[in-house]
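Working notes, beginning with the structure itself.
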Amino acid sequence: MTTKEPIRTDALIVGAGPCGLFQVFELGLLGIHARVVDSLKHVGGQCTELYPDKPIYDIPGIPVCSGQELIDNLMEQIRPFAPDFHLGEEALTLTPKGDGEGEGEGDEKDNGNGGGFEVVTDLGTRFDTRTVFIAGGVGSFQPRRPKLEGIDAYEEQSVFYRVRDPERFAGRSVAVLGGGDSALDWTLALQPIVGSLTLVHRRPEYRAAPASVAAMKRLVADGNMREIIGRVTGYDANEQGFRGIEITTEDGTEQISCDAVLVFWGQVPKLGPIADWGLDLNRRTINVDTEKFETSIPGVYAIGDVNHYPGKKKLILSGFHEAALAAFAAKERLEPGKKARLQYTTTSPLMHERLGVKPD
Ligand SMILES: Cc1cc2nc3c(=O)[nH]c(=O)nc-3n(C[C@H](O)[C@H](O)[C@H](O)COP(=O)(O)OP(=O)(O)OC[C@H]3O[C@@H](n4cnc5c(N)ncnc54)[C@H](O)[C@@H]3O)c2cc1C
């Protein structure tokens, strides 16, 4: 689906993890505005998705902060550069364009130093960008799916990993799988409108807010829904469609009749579409040089956990350094023939202007 008008930009960052966010900062200092796309609905990458409340001790100058605090601080730090975020969209394809076609947001003509790139997302958004920064980390987060042969065929008809339109489930017999906040929130939200509801979780303990768990238990006690502790071990479908799932509990197997299954088993990262962009790869990472952090395609940079070079360490501080050097390289690519000058944020009036600060 590529129906939308292309969005022109000088820099497109794929990935809004800590390194992608800091890339916005480093580009901003050099006067380059960035757009950021992430398949998650929120910024922060692994920090927010996997360890928001855990402490990090090895960010220079910050003795300790949680994953979420680091992301909140990065968002504050990049605010002067007003990046545009495109969240909940996965970058699917990257296609180099012919020379001379690229034109930046600032209407600067691409003067032959590469024609830029078209990047298209799963929602059909098209970016016409002069440089690309892949900050995809360990990949885009994908819903964890049941390992049941053939169940993919029922996706978005009877098996769902995201709820876009709750009304779609009105009157249906629904099974919700999971024990975290998403599973419990949707259980409570859908219970009043569905025909019947069963919550299936593999163990009695939930990882959701205690108030949500208590509300669910009340609905079960009042006979308004079922709660089953067990594992999904099969499903039942025929020509007429999806008919139900098989749950294995301590007492044996049970068939649950349902025509919609909502799976909330969390997200797992996969390198995903980036693997097909024609880049020189090292297993599931992208080879880069250590001068520009450029990939095998000139104008496409890779920083953070997604890249590989001799001695690479998957640490946030490494990604920050890589973002700085990639930004300088991109600046010289966008303005060929001009040396990108290093200026200190402490003393440079230009840096102050870009940061919107008025130091004493
Ligand atoms: C439990 C845990 C604790 C950790 N503790 C530390 C620590 O103490 N110190 C430290 O330095 N590091 C730590 N790390 C590692 C650190 O989190 C990573 O190094 C860091 O998150 C990498 O940042 P990134 O921006 O490169 O990628 P990520 O944080 O992985 O973000 C990448 C983003 O790219 C998005 N993405 C990928 N592909 C696409 C696509 N095609 N389209 C759209 N979006 C896409 C993903 O959805 C994701 O949001 C820890 C990791 C874990 C799991």
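Helix 181-190 axis versus longest C-alpha principal axis of the chain: approximately 60°, rounded to the nearest ten. Charge tally for Asp165 (other residues, Cβ to Cβ under 15 Å; Lys, Arg +1; Asp, Glu -1): +2. Backbone amide hydrogens, once placed in the peptide plane, bring Arg8 within less than 5 Å of Asp128, excluding anything fewer than 5 places away on its chain.
Which trypsin sites (Lys or Arg not before Pro) in region 218-297 sit in a loop by DSSP (not H, G, I, E or B) and have at most 12 other Cβ atoms within 10 Å of their own Cβ? Walk me through the intermediate numbers first.
Details: sites: Arg218, Arg226, Arg231, Arg243, Lys270, Arg283, Arg284, Lys292; in loops: Arg283, Arg284, Lys292.
Hits after loop and neighbour filter: Arg283.
Here Ile134, Ile193 are placed in order of increasing Cβ neighbour count within 10 Å, fewest first, which gives Ile193, Ile134. Relative to the 2.2 N^0.38 Å rule of thumb, the chain has a C-alpha radius of gyration ratio of 1.15. Here the translational diffusion coefficient of region 145-265 follows from Stokes-Einstein with Rh set to the Kirkwood radius across Cα pairs; for 37 °C and 0.692 mPa s it amounts to 229 µm²/s.
Relative contact order, whole percent, for region 177-282 stands at 25, derived from Cα pairs under 8 Å and 6 or more residues apart. Considering only Ala324, Ile274, Gly98, the residue lying farthest towards the positive end of the dipole of the chain is Ala324, judged by Cα position with unit charges set on Cβ.
The Cβ shell under 10 Å around Asp38 holds other residues with a net charge of -1, Lys and Arg each +1, Asp and Glu each -1.
Summing +1 for each Lys or Arg and -1 for each Asp or Glu among the other residues whose beta-carbon sits under 15 angstrom from that of Pro349 gives +1.
Of the GluC sites (Glu not before Pro) in region 286-337, the ones in a loop by DSSP (not H, G, I, E or B) with at most 12 other beta carbons within 10 Å are Glu291. Among the chymotrypsin sites (Phe, Trp or Tyr not before Pro) found in region 237-280, not one is both in a DSSP coil and sparsely packed, with 13 or fewer other Cβ atoms within 10 Å of its Cβ. Pairs from the list Lys4/Lys312; Lys41/Lys147; Lys314/Lys339; Lys314/Lys358; Lys54/Lys313; Lys270/Lys338 with a Cα-Cα gap above 32 Å: Lys4/Lys312; Lys314/Lys358; Lys270/Lys338. Computed from Cα positions, the angle between helix 316-334 and the longest principal axis of the chain comes to roughly 50 degrees. About its Cα centre, the dipole of the chain is roughly 600 debye, where the only charges are +1 on Lys and Arg Cβ and -1 on Asp and Glu Cβ. Ordering Ile247, His33, Tyr51 by Cα displacement along the dipole of the chain toward the positive end leaves Tyr51 in first place; charges were set at the Cβ atoms of Lys, Arg (+1) and Asp, Glu (-1).
Values in this text are rule-based calculations from the coordinates and carry no lab data. These numbers come from a predicted model, not from an experiment. So basically every Cβ, Gly included, is an ideal-geometry build from the backbone, and we count neighbours across all protein chains shown.
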